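Since the structure comes first, as C-alpha cells, the remarks are kept for the end.
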Amino acid sequence: MPPKSNSEPRLKQTSHPILYEINTRVLINELSTQTGKEITLDKIPDSLIDEWAALGFDAVWLMGVWTVGKLGVQIAREHQGLRKEYKRALPDFADDDVIGSPYAVHAYTVSRSLGGTKALQALRKRLEMKGIGLVLDFVCNHTARDHEWVSAHPEYYINGRDGEENEKPDYYFRTKTKKGERTIAFGRDPYFPGWTDTAQLNPRHPEARKVMIETLQKIATLCDGVRCDMAMLILDEVFQKTWGEQSNPVDCEPAQGEFWKPAIEAVRTEHPNLLFIAEAYWNLEWPLQQLGFNYTYDKTLYERLLREGASSVYDHLKAEIIYQKHSVRFVENHDEPRIAQILPNDAWQYAAATVASTVPGMLLLHEGQLEGRKVKVPVQLGRRPAEERRQPLGWRTRAPAPGEDADGRRQPAAARRTLERPRRRNPARTRRCPARIRRLRHDHQPRPLVPRPHLHPYPGGRRRVAMELLRRQLPRVRRRQEEAPRRGRRQAEADSLQADHALR
C-alpha cells in the first residue's frame, strides 16, 4: 500500500513510473452529475484519490485543464466531419456537449469551469499527500486562433501571402490583428491539412521562442511533469521541411539551433526535478531524448503489439537499455482506439498489457482502460456514453467455479478436493508450458492489475512469462484481423484517421 503521506511523489523515486491519463473535463462533468452540485478540481472526492493511490499510480496526467476560447468551441460544433464522430461516440449528443479541443489553447490558465488555478493547486497538494505526482500539457506547435498572441504579435506565427487563405482554405485563415489583417497558417503536421481551430507558432522567431519558454516556466510551477504535445513537430529539421522559407521571420534573423535544448535547460534551472514527456513519432524519439526529454512515446511498440508478431516485438525490445528506460509504453491513450474494442478478448488484452507493463520505461494507462471501456470519445466532447463498468483487466468477472471463494480465490487443497475431481496431467504439456506460466494464464487465478518489474509475481522470470503470453495470443489477433472484411475495415480506419486529424 502507498504511504498515507509523502513529501515527494513516487514519480521522482522510481525508474518505472505509472502515469494515469484522465480526461479532466469529462471527469468533472460526471462527478457534478452524480453529486447534483458543481464539482471543481479541489472538490474531487478523497475516495477517488485513494483509489488512484491504491492502484499504484505514480502520477496522474490531467488532460484538458487549460482555457479553451469561444472560437474553438464554435469551430468544433460546426465541423461536419467531427459531428459524425460525435454521433458515433455519443448518439444523443447536443451542441452543449461540444466544449472545444483542449489542444486549441486560448490561454495557459486553468479553466474557470474546473475551479481555476487555486483549485488545481489544492488538488496537487492532496495528490502529493498520497505520493502521486501531477502532469500537465504544453502544446508547443500551435495555439488557438483567438489566443492573445495572434492579435498582438502575429509575427510569432507562420504568415502566408495575402489571398492564400482562398487558394488553400485547409491551410490558412484570414484574421484581424493590431498590426492589420494577416493571413496565418493553421497548426498542422506535414502529412495532413491543418487543425482549423489553431494557429501555427514559429519557434524560429526569437521573441516567439522566448515567450514559449516563459509559458513552460509558468506551467512548471503548477506540476511535477509536462507532457509536450507533438514535440517532434518543432524539431528544426522537421519544421523547416514542413514550412520551408515561411519559417524565416520577416522582421528579424531566425533563432539558431533546436528549441527544446535551451527550453528544457531554462526550466530546469528553477525546477531541476521536472519531468519532460514528449509525444513523438517518426523514429524521432532518440533525438528528443538527447535534447533533454526524460521520456518519449513508444508508438512502435504499440503498433507491433497490436499488428505484428511476437518476433517483431522481441526485436524492438533489443534496443539499447538507455533508450528503453526513457520510453513511454502504452496500449491505449486518447488518440488511439480503445484496446477493448481492438482486442475484445481479455486474454489478448492482458498479453499486450503485460508486455507494455513489464518492460523498462514509463507505463501510460488511459482512464477507462482498466474497466474495459470500448468507446473512443473525441477530445472535443465534455460527456461520454455510459458503459458497463467491469472489474479491472486481469481479474475475474464470472461466478465462482468449484474450488473458489466468492472473490475468485482458490481454496486450500483440502477444501478443493471435495468440490472438484483431480485432473490428470499431460507430461507433454507440462514440458511445453511451465507450471508458473499455466498458473498465470489460468482463469481461476487472480492476476496482478499492473505488473511491474519490481512487483511481478514471478521475479526473475517476468520476461519469459510476458513473451510466452505474447507468443501464444498475438498470432490469433493477427489472424482475426486478416480474416475481417478488408474493404470495410480499411475504409473505417481511413474515416477514423481523417476525423482524428481534422481537429485536435
In region 181-193, what residues are open to solvent by 30 Å² or more (accessible area, probe 1.4 Å) and either part of a strand (DSSP E or B) or not aromatic (Phe, Trp, Tyr) (or both)?
-> 181, 182, 188, 190, 193
Taking residue 218 as meeting all but one of (1) in contact with a helix residue (DSSP H, G or I) (Cβ under 6 Å, 6 or more places away or on another chain); (2) not in a loop (DSSP other than H, G, I, E, B), write down the number of the exception.
-> (1)
Could you list all residues from region 38-47 that are under 16 Å from residue 122 (Cβ atoms), free of Cβ contacts under 8 Å to residues at least 24 places away in the same chain and surrounded by fewer than 12 Cβ atoms within 10 Å (Cβ to Cβ)?
-> 38
Are there any pairs, at least 6 apart or on different chains, whose C-beta atoms fall under 7 Å, with the first in region 320-343 and under 16 Å from residue 283 (Cα atoms) and the second of a type in the set (Phe, Trp, Tyr) and surrounded by fewer than 23 Cβ atoms within 10 Å (Cβ to Cβ), and if so, which?
-> 323/286
From 318, 261, residue being out of contact with any strand residue (DSSP E or B) (no Cβ under 6 Å at 6 or more places or on another chain), farther than 28 Å from residue 101 by Cβ and modelled with pLDDT of 95 or more = 261
When (1) at pLDDT 90 or above; (2) crowded, with 22+ Cβ neighbours inside 10 Å are applied to residue 324, the one that fails is (2)
Tell me, please, whether a residue that is among the small types (Gly, Ala, Ser), closer than 24 Å to residue 341 by Cα and in a helix (DSSP H, G or I) can be found in region 53-69.
-> no
Wholly enclosed helices (runs of 4 or more DSSP H) of region 83-167 bearing at least 1 residues at pLDDT below 95 and open to solvent by 20 Å² or more (accessible area, probe 1.4 Å) = 116-129, 164-167
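Let's see how each residue does on (1) open to solvent by less than 30 Å² (accessible area, probe 1.4 Å); (2) in contact (Cβ under 8 Å) with a residue 24 or more places away in the chain; (3) over 18 Å from residue 291 (Cβ atoms); (4) charged (D, E, K, R):
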site	(1), (2), (3), (4)
205	yes, yes, yes, no
214	no, no, yes, yes
218	no, yes, yes, yes
230	yes, yes, no, no
Is region 171-189 home to any residue that is without any contact (Cβ under 8 Å) to a residue 12 or more places away in the chain, more than 28 Å from residue 287 (Cβ to Cβ) and in contact with a Pro (Cβ under 9 Å, 6 or more places away or on another chain)?
-> yes
Counted residues, region 351-364 - those being open to solvent by less than 10 Å² (accessible area, probe 1.4 Å) and either of a type in the set (Phe, Trp, Tyr) or under 26 Å from residue 24 (Cα atoms) (or both) = 6
In region 275-324, which residues are at positive phi and small (Gly, Ala, Ser)?
-> 292
Among the residues of region 368-378, how many are open to solvent by less than 20 Å² (accessible area, probe 1.4 Å) and touching a residue at least 60 places away in the same chain (Cβ under 8 Å)?
-> 2
When you look at residue 196, is it under 25 Å from the mean Cα position of the chain (by Cα), surrounded by 14 or more Cβ atoms within 10 Å (Cβ to Cβ) and polar (S, T, N, Q), yes or no?
-> yes
Would you tally the residues in region 287-315 being closer than 22 Å to residue 239 by Cβ, surrounded by fewer than 16 Cβ atoms within 10 Å (Cβ to Cβ) and in contact (Cβ under 8 Å) with a residue 12 or more places away in the chain?
-> 0
Log entry, pairs with first residue in region 8-37 being over 23 Å from residue 359 (Cα atoms) and without any contact (Cβ under 8 Å) to a residue 12 or more places away in the chain, second being open to solvent by less than 70 Å² (accessible area, probe 1.4 Å) and in a loop (DSSP other than H, G, I, E, B), beta carbons closer than 7 Å, six or more apart or on different chains, reads 32/39
Could you check residue 336 against (1) more than 27 Å from residue 27 (Cα to Cα); (2) open to solvent by 10 Å² or more (accessible area, probe 1.4 Å) and say which number it fails?
-> (1)
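The values are calculated or read from the model by the stated rules, or taken from the named source; none is laboratory data. Remember, it's a predicted structure, so these values are computed and weren't measured experimentally. Glycine gets a Cβ as well: all are built from the backbone with ideal geometry, and neighbour counts include every protein chain shown. SASA here: full protein model, heavy atoms, side chains in, ligands and nucleic acids out. Shrake-Rupley method; radii C 1.70, N 1.55, O 1.52, S 1.80 Å.
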